[in-house]
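Okay, structure first, notes after.
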Amino acid sequence: MQKYSVFSLIKNAFKGHQNWEVAWKDPTPKTEYDVIIIGGGGHGLATAYYLAKEHNISNVAIVEKGWIGGGNVGRNTTIIRSNYMHDENGLFSEFGMDLWRNMSLDLNFNVMFSPRGIINLAHSDAQMNAYSRRGNSMRLNGIDAVLLNREEVKKIIPMADFSENVRFPIFGGLMQPSAGTARHDAVAWGYARQADSMGVDIIQNCEVTGFDVANGKIKGIQTSKGNIKAKKIGLCVAGSTNILAEMLNMTLPIETHLLQACVSEPIKPLLDNVVTFGAGHFYCSQSDKGEMVMGGDLDGYNSYAQRGNLPTLQHVLTEGIAMFPFLSKLKMLRTWGGIMDMSMDGSPIIDKTHIEGLYLNCGWCYGGFKATPASGWTFAHTIAQDKPHKLNEGYNLNRFSTGHLIDEKGLGTKTWIS
Amino acid sequence: MLHIKCPYCGLRPQTEFSYGGDATVKRPELNKEVSDQDWDNFVYLRKSPRGKHLELWQHISGCRQWIKVERDTLTHEISTTYKANENI
């Protein structure tokens, strides 16, 4: 594989950039692989990469219905954080933070990881107490957390509404300074390029239409490009999980829901951090191009539509304007919607299934992008060793029937209440 | 904007309603032996189909009645609405 560097850039510049190698090939599927990963999004690509890199399993196919990086990894709000209270989530995400910090070097691809810090605003004394508890839990797990008072928040984001007569005054906030953002497309492309160079076949425009299961063991898949055999198959299909589960006669603790996000017209650099509103569900950061990147609540009903409705967008942006009044002066550049695999406790599932050789990676709710490297790493381990890694033991499928939920928000089973 | 036909009030905008989820799940019967699996099925497991979905909504800013709505999850098209106690 051609290494990307300033030297290769200069060399190719002299030749008019005509001789760059393709970043990944377009192979026709073989009849059999050691492992098939269904879903060429961030998690699927990362899984294939870590299977090859950490476990020397490179006879792997990624089967993708559309094109790689065309799903949620290409349409999220790029936030990376590990500000969780529960051990399972905190330790898993912080492991991911280490992978994020080294990702550009590891993949030889600039993913533009920008640890700019995330601030969760608090709007009451009770919320400050809750944040101090969460911050303490984070620090016990080795994650950086700083509790900010009103004045300290004002120094960092003076453009927020600090006037006296607001409905939700800012009392302070919880900051994770090491959190940040990354360029989402580059993450998919970086993993794809490395996985391809180690022998992984990335098969695009190939829809899975069925599974071959015999005697409780997985044998292979049926696709629009023919049947492919494999003894181990991993599902990384986010919002389409329920559709594939139906083909396998499985019912999962997951509902598929619609989430919208939007960006404003680009403006000059204004916001250095990721900021979340504490009296509702709204978050905001500024992209390198200057757009304000914003998101919030689910539309609130089961959906596979990948497009949203205006009432939710209006609701979310009303919260945004309550937090940052200047947003009301901006024009909206783009809005879009994607479908989320909402699990019943808000935490993901990375586990084996009752079918031997079939592995499940789903239930990422809103938080899939930041989990990309840790999810790929632990899922690769789970597939290669046929048992979960310590980091994803808690993310098992039977925790719902045994009662060992990881309910970070304490919301219970109503996935549409966010 | 979805427009939902409340069986009591007629066609109203989505913003008057709140969502109540899958209407096909059945609570295990009282005073009977209920296995963990039965509870699991009722509380957590959902088909979440792509296509026709029978779901509960409450007309919270209207008559406050719970209703059943048959809606397509891919197109958002609402085909029929029922009173909550109507057998389908």
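Just so you know, all these numbers are worked out from the coordinates, no wet-lab data involved. Computed from a predicted model, the values in this text were never measured in an experiment. All Cβ positions, glycine included, derive from the backbone under ideal geometry; neighbour counts span all protein chains shown.
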Charge dipole (debye, nearest 20) of segment A:173-246; +1 at Cβ of Lys and Arg, -1 at Cβ of Asp and Glu: 280 debye
Spatially proximal lysines relative to B:Lys5 (Cα-Cα < 16 Å; intrachain offsets below 8 disregarded): B:Lys68, B:Lys83
Packing-based exposure ordering (other Cβ within 10 Å, fewest first) of A:Met332, A:Met292: A:Met332, A:Met292
Segment A:Leu147-A:Arg334, extension gain: residue separation times 0.36 nm, minus the distance between their alpha carbons: 63.9 nm
Straight-distance crosslink candidates among aspartates and glutamates, where the alpha carbon sits under 16 Å from A:Lys232 and sequence neighbours closer than 8 are dropped: A:Glu32, A:Asp34, A:Asp201, A:Asp212, A:Asp351, A:Glu356, A:Asp386
Relative contact order, percent, segment A:170-318 [alpha-carbon distance under 8 Å, six or more residues apart]: 15 percent
Protection proxy ranking, peptides A:220-228, A:296-304, A:281-289, average beta carbon neighbours within 10 Å, highest first: A:296-304, A:281-289, A:220-228
GNM result for chain A, Cα springs below 10 Å: residue of A:Glu21, A:Glu54, A:Glu393 fluctuating most strongly: A:Glu21
Extension gain from A:Asp288 to A:Gln222, taking 0.36 nm per residue of separation minus the Cα-Cα distance: 19.5 nm
Stretchable slack from A:Leu140 to A:Gln306, in nm (0.36 nm times residue separation minus alpha-carbon distance): 55.9 nm
Given charges at Cβ of Lys, Arg, Asp, Glu: segment A:85-207 dipole, positive-most of A:Ala182, A:Ile170, A:Phe113: A:Ile170
Contact order relative to length of chain B, as percent, for alpha carbon pairs under 8 angstrom and 6 or more apart: 28 percent
Net +/- balance of residues flanking A:Thr31 in space, Cβ distance below 15 Å, scoring K and R +1, D and E -1: +1
Backbone N within segment A:131-167 under 17 Å of label point (7 Å from A:Arg101 Cα along the Cβ vector): A:138-146
Calculated [θ] (222 nm, deg cm²/dmol) that DSSP helices of n ≥ 4 give over chain A, each run adding -39,500 (n - 2.57): -9000 deg cm²/dmol
Shielding score for A:339-352, defined as the mean number of other chain Cβ atoms within 10 Å: 1
Efficiency of FRET from Cβ geometry, A:Lys409 and A:Asn129, R₀ 22 Å, rounded to 0.05: 0.85
Neighbour-count order for A:Asp351, A:Asp125, fewest beta carbons within 10 angstrom listed first: A:Asp125, A:Asp351
Segment A:58-173, relative contact order in percent, only Cα pairs under 8 angstrom and at least six apart counted: 26 percent
Global form of segment A:252-320, assessed from the alpha-carbon gyration tensor, a/c cut-off 1.5: prolate
Rounded if a/c under 1.5, otherwise prolate or oblate - the protein assembly as shown, Cα gyration tensor axes: oblate
Virtual spin-label span in nm between B:Leu74 and B:Leu30, 7 Å along Cα→Cβ: 4.1 nm
Size of charge dipole - chain A - debye, nearest 20, with Cβ of Lys, Arg +1 and Asp, Glu -1, no other charges: 700 debye
Proximal lysines relative to A:Lys229, as straight alpha-carbon distance under 22 Å, when same-chain residues fewer than 8 apart are discounted: A:Lys25, A:Lys30, A:Lys65, A:Lys217, A:Lys219, A:Lys352, A:Lys387
Residues A:Arg75, B:Arg71, sorted so that the one with the fewest Cβ neighbours within 10 Å comes first: A:Arg75, B:Arg71
Helix runs (DSSP H) in chain A reaching 15 Å along axis by Cα, Kyte-Doolittle at least -1.0: A:42-55, A:87-107, A:184-197, A:310-323, A:372-385
Beta bridges by DSSP in chain A, antiparallel share as percent, to the nearest 5: 70 percent
Helix-only CD estimate at 222 nm, as mean residue ellipticity for chain B, using -39500 (n - 2.57) per DSSP H run (n ≥ 4): -2500 deg cm²/dmol
Charge-dipole axis of the protein assembly as shown as Lys and Arg at +1 and Asp and Glu at -1 on Cβ define it, positive-most pick from A:Ser264, A:Ala192, A:Phe7: A:Phe7
Cβ neighbours within 10 Å from other chains - mean over A:301-312: 6
Calculated FRET value between A:Ile267 and B:Ile60, using beta carbons and R₀ = 30 Å, to 0.05: 0.20
Other protein chain Cβ atoms within 10 Å, averaged over every residue that makes up B:35-47: 5
